[in-house]
Amino acid sequence: MNRFDYVRPATVAEAVAAAAQPGSAYLAAGTNLLDLMKGGVMRPARLVDLARVPGLDAIEALPDGGVRIGARVRNSDLAYDPGFARRFPAVAEALLSGASAQLRNAATVGGNLLQRTRCAYFYDPASACNKREAGAGCDAREGENRLHAVLGWSEQCIATHPSDFCVPLVALGAVVEIEGQAGRREVPLEEFHRLPGTTPERESVLAPGELIVAVRLPGEAAGFAGHARYVKLRERTSYAFAVVSATAGLRLEDGAIAEARLALGGVAAKPWRVPEAEAVLRGARPGAEAFRRAAEAALAEARPSGDNAFKIELARRILVRALTLAAAGTPERLPALPASPHAPHPGVSLHG
Amino acid sequence: MAELASSAAHVRHGSSIGQPLTRRDGQLKVTGGARYAADNHPPGMLHAALAVSSVARGRVTGLDLEAARAHPGVVAVMTPENRPALAQDPNDKSGPFVFRMELLQDDTVRYVGQPVAVVIAETLEAATEGAALLAPRYAAEPVSTGLEDGEAFVPPAVGVGAPAEVRHGDVEAGLAAAARRVEAVYETPAQYHNAMEPHAVVAAWEGDRLSIDTPSQGLVMAVGRVAGLFGIPPENVEIRSPFLGGGFGSKGAISGPQVLGILAAKLVGRPVKLVLKRDQMYGPVGHRAPTRQTLRLGVDGEGALTALHHHVRTASSRYDDFFEPSGSVSHTLYASPAIATTSDAVRLDSGTPIFMRAPGEASGSIALEGAIDEMAAACGMDPLEFRLRNYAEVEPTSGKPFSSKALRECYAQGAERFGWSGRPLAPRQMRDEDGLLVGWGVGTATFPALMMHGQARAVLRRDGSGLVETGAHDMGQGAWTAFAQIAADSLALPIDQLEFRAGHSGLPDAGIAGGSAHTATAGMAIHGAGADVIARLAELAMTDQRSPLFGAGNAGVVAREGRLVRRDDESRGESYAEILARAGLDEIEGRGTGAMDQAAQEHYAMHAHGAVFAEVKVDPELGQIRATRLVGAFAAGRIINPRLVRSQYYGGMIWGVSFALHEAAVVDRRTGRVMNANLGEYHVPVNADVPSLEAILVDEVDPHVNALGIKGVGEIGITGSAGAVANAVWHATGVRVRRFPIAIEELLGQP
Ligand SMILES: Cc1cc2nc3c(=O)[nH]c(=O)nc-3n(C[C@H](O)[C@H](O)[C@H](O)COP(=O)(O)OP(=O)(O)OC[C@H]3O[C@@H](n4cnc5c(N)ncnc54)[C@H](O)[C@@H]3O)c2cc1C
Ligand code: SF4
């Protein structure tokens, strides 16, 4: 590991001031950052440890029925917060389908939003990677890219954002609270991550030194609690990143869909909300036919970036699955295999 | 020597052998008291880190030595320029167990991950950063990375000296005459051992004496290799290896990086510790080679095989030889008048492949079991019935009878326990209550009953206790316990009266912990050493007029619970302690040897067998697979400790799931780099992937393999299991996937 400064600020203001120095990085649980540093992928000159910054670890109910989640709240603490899980079950399910219990016990909200892609060429300093080094080229383009993006990618970068947590968050209209030298600002999560375009090294709208202090879900997001699911396809039953994943939240009125919230994971450089597909469902009767139309709309623009054409059809199918499960109603308890196709689904007829 | 705590009191009925004792080292391990190689920190110790190549072929043209040396804490940088001299060329090859090593002999690069320099520093962090600062520059050459790259050739031998071609009968005639034929190509990927404990060495020199802590599956072999390389007498090398955090074959021969740690200690004149990082285990410490196997089968109108041809394309490295012997399973498993196994290979710019748990059998079994299943389906026969139809009563290629073979019982007990009967013949017929596709598959397990060469020493002491020593290796499988059980019985002592020592190169050579032969080999040596002591003690007593055993000569004596008694009257006898006291001896010693019985070997084919039944569930739209139930029934001769043996079977069966569904090195074909060289993305099963496992120990008495009747259990569990899982996927989905691990996209065709 390279030599770096380590500072442990005592307030948000101190943290932001400390991180103003170029080459700084915030350290949350370090489950991603420290791996990247050990691999020589990131070499920050200064680590600004958020461990002692007060006010970042609360889960607060908001007057509008929403919730404000501090940036340092642990993934497990959030998922197991009964009030939170009841109001935002798909978010809890997504959190619990991520990584392993040990990682979830450490990983934080802010770190999860800002975790880097799992593109293997990004992690390998000997490979060309535009994200790691602007202008270097992209070895994934002609390489091992089975699991790369099918939406929103560019010739410069075909990587995906690997977060599960962000998928239901973006569907539910989460807002990111950001603190910088110039003060506080807010950005909808949907606009927080950037598509690669010609600058894949810039992954979010954060300016250097800006700090995520919290993520907010609006009160109306709890309106989907009765019909909200997350489904994640993996290459083993647990402890694997999504091949593709999907979330669906439905508000049903008189047996019809009043409002739908849909997003896909593992398909693009950001959690991929699909307003086109949501629009298809507005007013529709829940059912296989409507769900498939929504899925077609969601993937209309998709194209393979390599050996991954299968992900397009898979994404359609998993969206249909998420919708089918959501329409059947959020289960009383989260399944023991959260978000898994192998979790039992009593009372739902999935496969004809 | 490590202190072994005895575990909680157990009820012992009769002999120790056969008792399901828990691991004697279990307590040490769960409390962190077991000292693994890297836990040793001799005074003055420095840390070494490897700088490894990122190209697969070429030369190192530059290293930024200045930057590395200038880094605070760095003591030395070892390169080909200053590496201490060796007495042997690391490229010399003196036998099939000796592998060429990269010990900084020159600037050549042979594979990605090859060590190109070693940085030695006061701290691990400084060494690691120093290694990064070297930033090697290369003159790279074009690389071969796939089984289709380059000219294929027929290797002189496969595995350890086995013929590359075996022919029995006329396969082409058998195929021509067949009522039905199946031809199928199966592909298996490169796999890496990924033992939990990385290869590690702590080396300290004192003059020309060398003391090493390092995990080893073959202590005496390692001593020989190290002594040869450094030009010192073997007795000057001491290796301590009380515990291994897994080996699976990758710690059989000492590896290049371990020797580099020893060289580093020599260079700086202080003890040095070198531990591989996880990603550094994907190159210099071996792997299972990829294969492409073509199976051609013919059957007559009754479903009896008329011909079986198993062709294996595999790969070795460009600079050394190890050819995965995948055809071996076809020599023994199914009866056929004509059987041929053939091999060819290409050379790749990778590290040299090596033995990996069930080398050859694992990769060969999944292909053979798949093809057999395809033929059963083609014949419209139940796959178990088809296997029984083609049951080998004698070993098909050699014609020898089996020393024992309870495979029929394995099939029967496994099928009964699994509930095989009633399985629909056609695929895609079963669903669970959630609508998931359900499939059942079967596979036959087989592994040869081998023996190496091993020795042991046994001692009876005046206080009546015993000591047994052998340089055996506990890779985590429970050898400390199983050997102590055999030792206790060999001396007719309760196990708590017995001290057992192993894991040290100064002890008698126990052979290699490999080939599933360790229990039989070292066990027989222990058995012999115990018998030798008892015989000497009996001699003392029977020739001493003051002993109640005097004159028992013709009737003979037997050892029982620390006493010798007359065989014809067990009420007459005396304790070991009394005999030794009267003779004025503090202790009495015996020696034993374990080795293959050549005569028996000539007359009998010796193999362990098993039958594995698997259930998988597959999501019909999404293709995600989960193995939900595995039942294995295995017959492997005498079972020394059923608890430990069951664990070996479980571990093997889980590896079978891994082989079929999860495990593969993703190699970039342009560069030869393994792109998933970490345990996050090199997938092996997690708990959720293996919900229900059962291993049945089928009784089998084998009077021929060795006096104890022990076959091996360490590797057989993978064979059969991998095929059973893959066959179950076919039965669930109707899709025959012949490329492993089975990928989601292969199953998406038909929702
Ligand atoms: C083996 C493995 C498997 C995994 N599997 C999954 C999975 O299946 N699904 C999934 O979603 N995730 C998975 N993860 C990723 C895991 O969720 C992330 O590593 C974790 O969320 C990062 O959180 P952290 O607190 O450790 O962040 P850190 O590693 O500390 O930081 C990550 C990045 O965020 C920045 N950062 C952190 N907090 C802030 C802040 N408040 N403001 C500004 N910048 C900040 C850091 O500077 C750094 O760049 C896996 C990780 C591993 C190692
Ligand atoms: S896909 Fe993106 S992250 Fe991966 S190598 Fe290309 S540029 Fe880098």
Practice item. Pull up all non-local amide H partners of A:Leu252: gap of 5 or more, or a different chain, and H-to-H distance under 5 Å with H placed in the peptide plane. Key: A:Ala258
Point to revise | Environment charge at A:Arg185 (Cβ cut-off 15 Å; Lys +1, Arg +1, Asp -1, Glu -1) | key: -3
Study note, to complete from the structure: Residues whose built amide H sits under 5 Å from the amide H of B:Glu499, excluding neighbours closer than 5 in sequence, are B:Gly466, B:Leu467, B:Val468
Exercise for review: Using only the alpha carbons of the range B:166-294, determine the length spanned along each of the three principal axes and report them from longest to shortest in whole angstroms.
Suggested key: 72, 31, 24
Check your understanding: Where Lys and Arg each count +1 and Asp and Glu each count -1, what net charge lies around A:Ile212 among other residues with Cβ under 9 Å from its Cβ?
Key -> -3
Review point. Rounded if a/c is under 1.5, else prolate if a/b is larger than b/c, else oblate: which is the range B:486-532, with a ≥ b ≥ c the root eigenvalues of its Cα gyration tensor?
Key: prolate
**Study point:** Cβ neighbours within 10 Å from other chains - mean over B:686-693
**Key:** 3
Check your understanding: When you count, for each residue, the other Cβ atoms within 10 Å and take the mean per peptide, how do B:28-37, A:291-300 rank with the highest first?
Key -> A:291-300, B:28-37
Practice item. Return the ratio Rg/(2.2 N^0.38 Å) for the range B:360-515, where Rg is computed over Cα atoms only. Key: 1.54
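Viscosity 0.692 mPa s, temperature 37 °C: Stokes-Einstein D of chain B from its Kirkwood Cα radius, in µm² per second?
120
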Revision key, fill the gap. With a Förster distance of 35 angstrom and the Cβ-Cβ distance between A:Arg8 and A:Ala300, calculated FRET efficiency to the nearest 0.05 equals 0.10
Review point. Rounded, prolate or oblate: which fits the range B:658-712 when a ≥ b ≥ c are the square roots of the eigenvalues of the alpha-carbon gyration tensor, with rounded for a/c under 1.5 and prolate only if a/b beats b/c?
Key: oblate
Check your understanding: Rounded to the nearest 20 Debye, what is the dipole magnitude of the range A:224-328 about its Cα centre when Lys and Arg each give +1 and Asp and Glu each give -1 at the C-beta?
Key -> 280
Revision key, fill the gap. So the FRET efficiency between A:Ala106 and B:Ser398, C-beta based with R0 = 60 Å and rounded to 0.05, is 0.55
Check your understanding: Kirkwood-based Rg over Rh for chain A (C-alpha set), two decimals?
Key -> 0.96
Point to revise | Relative pair counts by distance (%), Cα atoms of the range A:204-352, 5 Å bins | key: 2, 9, 18, 21, 19, 16, 9, 5, 1, 1, 0
Check your understanding: So which residue, out of A:Ser100, A:Ser204, A:Ser340, gets the largest mean-square fluctuation from a GNM of chain A using Cα contacts under 10 Å as springs?
Key -> A:Ser100
Exercise for review: Please provide three numbers in whole Å: the alpha-carbon extents of the range A:269-352 along the principal axes, with the largest listed first.
Suggested key: 38, 32, 26
Practice item. Per residue of B:617-628, count partner chain C-beta atoms within 10 Å of its C-beta, then hand back the mean as an integer. Key: 6
Point to revise | Total charge dipole magnitude, the range B:124-167, about the Cα centre, Cβ charges on Lys, Arg, Asp, Glu only, Debye to nearest 20 | key: 140
Revision key, fill the gap. With the dipole of the protein assembly as shown defined by +1 on each Lys or Arg Cβ and -1 on each Asp or Glu Cβ, the option from B:Gly530, B:Pro741, A:Ala295 whose Cα lies farthest towards the positive pole is A:Ala295
Review point. Hey, can you rank B:372-380, B:632-640 by average C-beta count inside 10 Å, highest first?
Key: B:632-640, B:372-380
**Study point:** chain B - mean residue ellipticity at 222 nm from DSSP helices (-39,500 (n - 2.57) per run, n ≥ 4, rounded to 500)
**Key:** -7000 deg cm²/dmol
Study note, to complete from the structure: Nearest-0.05 FRET efficiency for B:Lys29 and B:Asn687 at R0 = 25 Å, using Cβ-Cβ distance, is 0.85
Check your understanding: What is the average number of partner chain Cβ atoms found within 10 Å of a Cβ in B:475-483?
Key -> 0
Review point. Between A:Ala336 and B:Gln105, what is the label-to-label distance in nm when each label sits 7 Å out along the Cα-to-Cβ direction?
Key: 5.5
Exercise for review: Using all C-alpha to C-alpha distances in the range B:51-188, build P(r) with 5 Å bins and read off the rounded percent in each one.
Suggested key: 2, 8, 12, 13, 14, 12, 9, 7, 6, 5, 3, 3, 3, 2, 1, 0
Check your understanding: So what are the range A:89-155's ellipsoid semi-axes, whole angstrom, largest first, if each one is the square root of 5 times an eigenvalue of the alpha-carbon gyration tensor?
Key -> 28, 14, 11
Practice item. For the range B:198-232 and the range A:223-259, write down the distance between their C-alpha centroids in whole Å. Key: 57
Practice item. Give, as ranges by residue number, the residues of the range B:168-201 whose backbone N falls under 17 Å from the point 7 Å along Cα→Cβ of B:Thr294. Key: B:171-176, B:181-188
Point to revise | Given charges at Cβ of Lys, Arg, Asp, Glu: the range B:333-399 dipole, positive-most of B:Ser336, B:Pro353, B:Val394 | key: B:Pro353
Practice item. With 31 Å as the limit, write out which pairs from B:Lys29/B:Lys93; B:Lys29/B:Lys277; A:Lys38/B:Lys29 have Cα-Cα distances beyond it, or answer none. Key: B:Lys29/B:Lys93
Review point. Hey, what's the per residue convex hull volume over the C-alpha atoms of the range A:1-51, in cubic angstrom?
Key: 60
Practice item. Please identify the helices of chain B, taking whole runs of DSSP H, that span at least 30 Å along their own axis as judged from the Cα atoms and have a mean Kyte-Doolittle score of 0.0 or higher. Key: B:518-542
Revision key, fill the gap. Phi-derived 3J(HN,Hα) across the range B:242-251 with the Karplus relation (6.51, -1.76, 1.60, θ = phi - 60°), rounded Hz, x for Gly and Pro, is x, 9, 10, x, x, x, 6, x, 7, 10
Practice item. Give the long-range amide H neighbours of B:Ala445: residues separated by 5 or more places, or on another chain, with amide H under 5 Å away, using H modelled in the peptide plane at 1.01 Å from N. Key: B:Gly610, B:Ala611, B:Val612
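State the three equivalent ellipsoid semi-axes of the range B:648-751, derived from the C-alpha gyration tensor as the square roots of 5 times its eigenvalues, in descending order and whole Å. The partial results should precede the final answer.
On the way: eigenvalues 198, 74, 33 Å².
Taking √(5λ) for each eigenvalue gives 31, 19, 13 Å, largest first.
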**Study point:** Hydrodynamic radius of the range B:565-680 per Kirkwood, over alpha carbon pairs, in Å
**Key:** 21.2
Study note, to complete from the structure: With Rh as the Kirkwood radius over Cα pairs, the protein assembly as shown has Rg/Rh of 1.00
Practice item. Any chance you could get the radius of gyration and Dmax over the Cα atoms of the range B:302-391, in Å? Key: 15.2, 48
Revision key, fill the gap. Here D for the range A:92-247, in µm²/s, from Stokes-Einstein with a Kirkwood Rh over Cα pairs at 20 °C and 1.002 mPa s, works out to 127
Revision key, fill the gap. If the label point sits 7 Å along Cα→Cβ of B:Arg582, residues of the range B:549-570 with amide N under 17 Å come out as B:549-560, B:562-570
Check your understanding: Out of A:Ala327, A:Val274, A:Ala240, whose Cα points farthest toward the positive end of the dipole of the range A:224-328 (charges: +1 Lys, Arg; -1 Asp, Glu; placed on Cβ)?
Key -> A:Ala240
**Study point:** Rounded to the nearest 20 debye, dipole of the range A:1-51 from Cβ charges on Lys, Arg, Asp, Glu
**Key:** 160
**Study point:** Derived scalar couplings ³J(HN,Hα) [the range B:293-304; Karplus, 6.51 cos²θ - 1.76 cosθ + 1.60; whole Hz; x for Gly, Pro]
**Key:** 10, 9, 10, 10, 10, x, 10, 8, x, 9, x, 8
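Go ahead and estimate [θ] at 222 nm for chain A from helices alone: -39,500 (n - 2.57) per DSSP H run with n ≥ 4, summed, over the residue count, rounded to 500.
-7000 deg cm²/dmol
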Study note, to complete from the structure: So, relative contact order of the range A:165-261 in percent, Cα under 8 Å, 6 or more apart, is 25
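Rule-based calculations on the coordinates, nothing more; no lab input. What you see is a predicted model, and the numbers here were worked out from it, not measured in a lab. Quick reminder, even Gly has a Cβ in these numbers, built from the backbone with ideal geometry, and neighbours come from all protein chains shown.
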